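Read through the structure below, which is laid out as structure tokens, and then see the notes.
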Amino acid sequence: MSQNLEQKMREILGSGTLLLREPMKDHTTFRVGGPADYFAEPRDADQTAALVRLAVEAGIPWMILGKGSNLLVSDKGYRGLVIHSSNMNRIETDGNHMKVEAGARMAAIGKAAYDAGLEGFAPLSGIPGTIGGAVVMNAGAYGGEIADVLESVDILDRGGERRRLTAEQAELGYRSSLIQRNGYVVLEAELVFRRGNREAIRAQMEKYSAARKEKQPLEYPSAGSTFRRPEGYFAGKLIEEAGLRGYAVGGAQVSEKHCGFVINRGGATARDIYRLMAEIVKKVKERSGVTLEPEVKLIGEFE
Ligand SMILES: Cc1cc2nc3c(=O)[nH]c(=O)nc-3n(C[C@H](O)[C@H](O)[C@H](O)COP(=O)(O)OP(=O)(O)OC[C@H]3O[C@@H](n4cnc5c(N)ncnc54)[C@H](O)[C@@H]3O)c2cc1C
């Protein structure tokens with residue numbers, strides 16, 4: 001690691017945080033992952049852009065981290081700069097519109113929408129990530145998805161320039177977007193809602209929250225659905241049919257409660273999870289001929 005680079009990052013961040021060799025297991029819901037060389041928490045979009053430009057100039061890898069709820073980070077960690085969006089979490093409501101910074105949590109947006117009597121976010125508010133991570137992959141649940149509420153999104157391109165994309169330009173598809181394909185950074189999103197009845201919104205939120213508790217192994221660390229839904233199938237069902245319910249590699253296990261979730265049942269390494277995912281892909285392919293693809297993003301080296 002270079003002292004010169006560290007110094008430049010500190011100048012950009014001012015009172016913002018820069019940590020060195022920060023364990024990523026403390027920032028992922030799987031609770032695994034080795035150290036990131038540089039771990040920055042910028043206060044705003046300008047600091048974020050300056051960090052991106054610095055990393056590009058210095059030729060080091062960089063990535064944005066939201067809540068780490070869709071990530072598998074290698075035990076060896078990340079040889080580059082992790083930019084954590086946690087301090088960028090402003091939510092501003094204006095009529096039936098909302099401007100939200102990338103690091104705002106889905107639950108906080110759900111609460112703000114409820115407080116303002118705005119409908120359309122209840123199916124999404126239980127997703128345990130940030131709006132930045134959710135926009136990038138067009139997160140969805142219970143028949144809703146980000147595309148339903150996104151009006152526009154401010155992004156940084158890979159060179160660190162800021163631009164606004166309309167929802168249409170962002171090309172949101174099933175767990176995909178142009179932002180993801182081009183490796184852009186989400187800085188801020190503008191959301192639009194319908195006026196609704198607060199009691200009805202609360203009832204919906206409670207219904208979805210109860211459904212999550214009933215169906216998902218929330219008592220264990222995980223990254224949610226490990227695999228994408230293959231067209232015409234459900235990943236969890238294919239995994240179950242391959243006889244893998246409860247199957248374990250080290251501390252990683254196919255959840256007994258929901259076969260679509262790989263969980264850390266205690267003491268798992270990233271390598272355990274990676275090897276279990278590889279076994280699942282192999283056995284499902286043998287049993288059903290379907291190739292599962294990870295939904296979870298793999299960061300760092302696993303081989
Ligand atoms: C218990 C559980 C339940 C879940 N349920 C659902 C569900 O119902 N539906 C669903 O879709 N997902 C679900 N997930 C997965 C996850 O919560 C979502 O994918 C979420 O949108 C990820 O957001 P994040 O902030 O945690 O992103 P992270 O995990 O931090 O990052 C994921 C990816 O997005 C990128 N990213 C993050 N922020 C930005 C940004 N500002 N700009 C550019 N790129 C960024 C990262 O670089 C990375 O590639 C669940 C996960 C868990 C643990």
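For region 102-208, applying the loop criterion from DSSP together with a ceiling of 12 other beta carbons within 10 Å to the trypsin sites (Lys or Arg not before Pro) yields 158. Here the chain carries DSSP beta bridges of which approximately 80% are antiparallel, counting only pairs with both residues inside. How many angstrom lie between the Cα centre of region 1-29 and the Cα centre of region 161-235? Cα centroid of region 1-29 versus Cα centroid of region 161-235: 29 Å apart.
Note on residue 76: lysines with a C-alpha under 28 Å away, same-chain residues under 8 apart excluded, are 8, 25, 67, 282, 283, 297. Listed by chain and number, the aspartates and glutamates whose C-alpha is less than 14 Å from the C-alpha of residue 207, apart from same-chain residues fewer than 8 away, are 199.
Ordering 30, 234, 193, 227 by the number of other Cβ atoms within 10 Å of each residue's own Cβ, fewest first, gives 234, 193, 227, 30. DSSP beta bridges confined to region 3-84 are antiparallel in about 45 percent of cases. The shape of the chain comes out oblate: with a ≥ b ≥ c from the C-alpha gyration tensor, a/c is at least 1.5 while a/b does not beat b/c.
Bear in mind these aren't lab numbers, they're just calculated from the coordinates by the rules spelled out. Keep in mind it's a predicted model, so treat the numbers as computed, not measured. Because the Cβ atoms are built from the backbone with ideal geometry, glycine has one as well, and the counts that use them run over all protein chains shown.
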